[in-house]
Amino acid sequence: MSKTIKEIAINTEYITLGQLLKFADVISWGGEAKSYLATHEVLINGESDNRRGRKLRVDDVIELVEGTFKITQE
């Protein structure tokens, strides 16, 4: 998995993992999240998680095959 961390800025309390996949251009539309998460390993703060509704908050680090992302406050 990539060591370069890309920041995803949010202006709400949290975003879901499914939303992050869309914002990060990993998937084209929300309906793809379920199949993506079923076939790819996702680490959130170092722990495996594949729930598309998982709430991601500021300072969470998400590792995907496509790169590493950190949630920041907008």
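Around residue 8, which amide H atoms from residues at least 5 apart in sequence, or from another chain, sit under 5 Å from its own amide H, with H modelled in the peptide plane?
70, 71, 72
Based on the Cα atoms of the chain, what semi-axes does the equivalent ellipsoid have, where each is the square root of 5 times one gyration tensor eigenvalue, given in whole Å with the largest first?
Sorted largest first and rounded, they come to 17, 14, 11 Å.
Once Lys and Arg get +1 and Asp and Glu get -1 on their Cβ, which of 73, 11, 30 lies farthest toward the positive end of the dipole of the chain?
The Cα lying farthest towards the positive end belongs to 30.
Hey, what's the chain come to in accessible area per residue, 1.4 Å probe, Å²?
On a per-residue basis, 62 Å².
So which lysines can residue 55 reach, going by Cα to Cα under 20 Å and dropping same-chain residues fewer than 8 places off?
Reachable lysines: 6, 22, 34, 70.
Quick one: what are the phi-derived ³J(HN,Hα) couplings along the stretch 37-45, Karplus 6.51/-1.76/1.60 with θ = phi - 60°, whole Hz, x for glycine and proline?
5, 6, 10, 10, 7, 10, 10, 10, 6
Where the accessible area of the chain is counted over protein heavy atoms with a 1.4 Å probe, how much of it, in %, is carbon and sulfur? If you can, show how the numbers build up before the last one.
On the way: 2070 of 4590 Å².
Roughly 45 percent of what the probe reaches on the chain is carbon or sulfur.
Sorting check: for 60-67, 4-11, which peptide has the highest mean count of neighbouring beta carbons within 10 Å, and how do the rest follow?
60-67, 4-11
Provide the gained length on full extension for the span residue 16 to residue 47, in nm with one decimal, where the gain is 0.36 nm per separating residue minus the Cα-Cα distance.
9.6 nm
Each residue of the stretch 25-35 in order: what ³J(HN,Hα) in whole Hz does its phi give by Karplus 6.51 cos²θ - 1.76 cosθ + 1.60, θ = phi - 60°, with x for Gly and Pro?
6, 7, 10, 8, 8, x, x, 7, 4, 4, 5
The values are calculated or read from the model by the stated rules, or taken from the named source; none is laboratory data. Every value quoted in this text rests on a predicted model; they were computed, and no experiment measured them. No Cβ is skipped: glycine too gets one built from the backbone with ideal geometry, and neighbour counts run over all protein chains shown. The protein model used for the area step is the full one, side chains on, heavy atoms only, and it has no ligands, DNA or RNA in it. Shrake-Rupley method; radii C 1.70, N 1.55, O 1.52, S 1.80 Å.
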